[in-house]
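The values are calculated or read from the model by the stated rules, or taken from the named source; none is laboratory data. Only a predicted model underlies this, so the values are computations on that prediction, with no experimental measurement involved. Neighbour counts are summed over all protein chains in view; Cβ atoms, including those assigned to glycine, are modelled from backbone coordinates with ideal geometry.
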Amino acid sequence: MIPFIDLQSQRKRLGQPLEDAILKVVRSGAYIMGPEIAAFEAALAGFGQAPFALSCGSGTEALVLPLMAWGIGPGDAVFCPSFTFAATAEAMPLVGASPVFVDIDPDTFNMDAESLEAAIEAVKREDKLTPCAVIAVDLFGQPADYPAIAEVCARHGLKLIADSAQGFGCTLDGKHPIHWADVTTTSFFPAKPLGCYGDGGAVLSRDEAFHDLLVSLRVHGQAVKGDIAGKTFEHDPKYLNVRIGMNSRMDTIQAAVLLQKLTIFEDEIEARNRVADRYAQEFGDVVRAPAVIAGGVSVWAQYTIETADRDGLAAHLREQGVPSAVYYPIPIHRQDVYSGYPRAPGGLPVTEAKARTVISLPMHPYLSADDQDQVIAAVRAFVGKNG
Ligand SMILES: *Cc1c(COP(=O)(O)O)cnc(C)c1O
């Protein structure tokens with residue numbers, strides 16, 4: 001079986017310096033908030049064109065932290081797509097708020113700005129929830145339609161989060177999502193385009209006071225610069241907890257791993273795009289290649305095609321030694337625990353149709369031409385026969 005994602009080739013490429021970096025942390029004893037954390041945050045902010053970057057425990061917590069910082073809670077509505085990983089929508093109930101599900105564009109699988117607008121209008125008309133924020137997702141690695149979504153957010157006075165767990169590194173007209181969004185969040189789960197060797201996440205932002213608030217929330221609401229400036233303390237203000245936060249620190253070892261991986265990330269994004277271009281070229285008009293928004297560069301977390309007989313294709317590929325995966329077979333609004341939350345008026349027909357037809361093929365920067373030929377031949381043989 002050829003690998004669906006190949007982390008071992010990447011590990012071998014990074015070689016001894018990666019292992020040395022891990023061992024250095026082990027020997028230093030600075031397991032929590034060691035110097036690699038600040039170094040990684042600076043490097044990540046630089047890469048993502050953001051003034052500030054905060055590392056945290058996971059991509060899920062990266063979504064929760066800004067909602068907490070804005071005081072979003074019960075009675076508040078946060079709009080997001082349903083065609084995404086559950087964590088996008090889970091952040092809202094975790095702070096007591098309600099997700100409101102929005103439909104997607106049929107070509108890019110990303111949030112449809114018109115469905116968003118209609119959902120906001122409907123929530124306002126109903127007058128039960130207060131619209132507060134929007135979470136756009138860079139699904140499968142490509143940037144959402146930020147100019148259109150940011151315009152809707154600005155007009156309705158809503159905060160905008162770019163959930164770039166799958167898309168960190170993607171650009172639109174050369175700009176990273178933070179150009180339009182108030183915050184960009186990402187995940188370093190190992191299988192994401194930029195992954196670590198465990199769990200981790202980050203929040204990129206543009207405003208220093210907001211970033212400091214995230215710093216406080218990440219460590220149990222501890223007092224930060226703005227909380228202690230001009231005051232004197234009897235005790236170490238380190239143990240002054242001025243708001244309800246949580247523990248969402250990233251391990252120093254993960255920052256050490258990510259500092260190494262960041263050095264080759266740009267090159268890996270290029271390699272992913274070469275693989276995607278080759279798929280598109282070789283599939284020709286037999287298989288519809290995934291559409292990337294005009295001006296967009298995807299980091300290709302997934303290469304996702306559509307077929308009416310998905311189970312048939314998956315079984316055929318398996319026989320040919322080609323793995324595949326379905327992201328996502330059940331839209332979030334169809335999952336029992338999320339089925340009671342509001343959705344855009346008219347429902348989510350595109351989301352439901354896509355959930356029945358999508359299938360993702362092997363995609364990673366180290367996919368060899370021979371392995372890719374095997375994938376292409378297997379897909380073409382099946383699609384050619386079955387239309
Ligand atoms: C993976 C993922 C997350 C959650 O990240 P974790 O680090 O696993 O918590 C959030 N949103 C999207 C779109 C994801 O793909």
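Figures for the structure shown
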| item | result |
| --- | --- |
| For residue 109: the one exception among (1) out of contact with any helix residue (DSSP H, G or I) (no Cβ under 6 Å at 6 or more places or on another chain); (2) at positive phi | (1) |
| The one condition in (1) over 16 Å from the mean Cα position of the chain (by Cα); (2) within 16 Å of the ligand (Cβ to nearest atom); (3) surrounded by fewer than 15 Cβ atoms within 10 Å (Cβ to Cβ) that residue 238 fails to fulfil | (2) |
| Strands (runs of 3 or more DSSP E) fully within the range 128-201 counting 1 or more residues that are within 16 Å of the ligand (Cβ to nearest atom), on the phi < 0 side of the Ramachandran plot and among the charged types (D, E, K, R) | 159-163 |
| Selected residue (criterion: farthest from residue 176 (Cα to Cα)) from residues of the range 26-58 that are of a type in the set (A, V, I, L, M) and free of Cβ contacts under 8 Å to residues at least 24 places away in the same chain | 38 |
| Total residues in the range 332-361, condition in a loop (DSSP other than H, G, I, E, B), in contact with a strand residue (DSSP E or B) (Cβ under 8 Å, 6 or more places away or on another chain) and under 20 Å from residue 140 (Cβ atoms) | 1 |
| Residue match in the range 82-92 (condition: within 13 Å of the ligand (Cβ to nearest atom), within 18 Å of the chain's Cα centre (by Cα) and β-branched (Val, Ile, Thr)) | yes |
| Some residue of the range 192-199 being touching a Cys at 6+ places or on another chain (Cβ under 9 Å) and crowded, with 24+ Cβ neighbours inside 10 Å | yes |
| Residue in the range 28-77 that is nearest to the ligand (Cβ to nearest atom), counting only those that are in contact with a Cys (Cβ under 6 Å, 6 or more places away or on another chain) and farther than 23 Å from residue 190 by Cα | 72 |
| Any hit, the range 104-112, residues being of a type outside the set (Gly, Ala, Ser), more than 29 Å from residue 269 (Cβ to Cβ), within 16 Å of the ligand (Cβ to nearest atom) and buried (at least 22 other Cβ atoms within 10 Å of the Cβ) | no |
| Verdict on residue 40 being in contact with a strand residue (DSSP E or B) (Cβ under 7 Å, 6 or more places away or on another chain), at pLDDT 95 or above and not in a helix (DSSP H, G or I) | no |
| Enumeration of residues in the range 333-351 that are closer than 15 Å to residue 84 by Cα and buried (at least 16 other Cβ atoms within 10 Å of the Cβ) | 333, 334, 338, 343, 348, 350, 351 |
| Candidates 345, 349, 329, filtered to the one that is more than 22 Å from residue 289 (Cβ to Cβ) and touching a helix residue (DSSP H, G or I) at 6+ places or on another chain (Cβ under 7 Å) | 345 |
| Top-ranked residue in the range 114-135 [being buried (at least 22 other Cβ atoms within 10 Å of the Cβ) and of a type in the set (Gly, Ala, Ser); ranked as farthest from residue 346 (Cα to Cα)] | 133 |
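Rundown of residues vs (1) surrounded by fewer than 16 Cβ atoms within 10 Å (Cβ to Cβ); (2) hydrophobic (A, V, I, L, M, F, W, C); (3) farther than 30 Å from residue 372 by Cα, yes/no style:
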position: 251; (1), (2), (3): no, no, yes
position: 277; (1), (2), (3): yes, no, no
position: 300; (1), (2), (3): no, yes, no
position: 310; (1), (2), (3): no, no, no
position: 331; (1), (2), (3): no, no, no
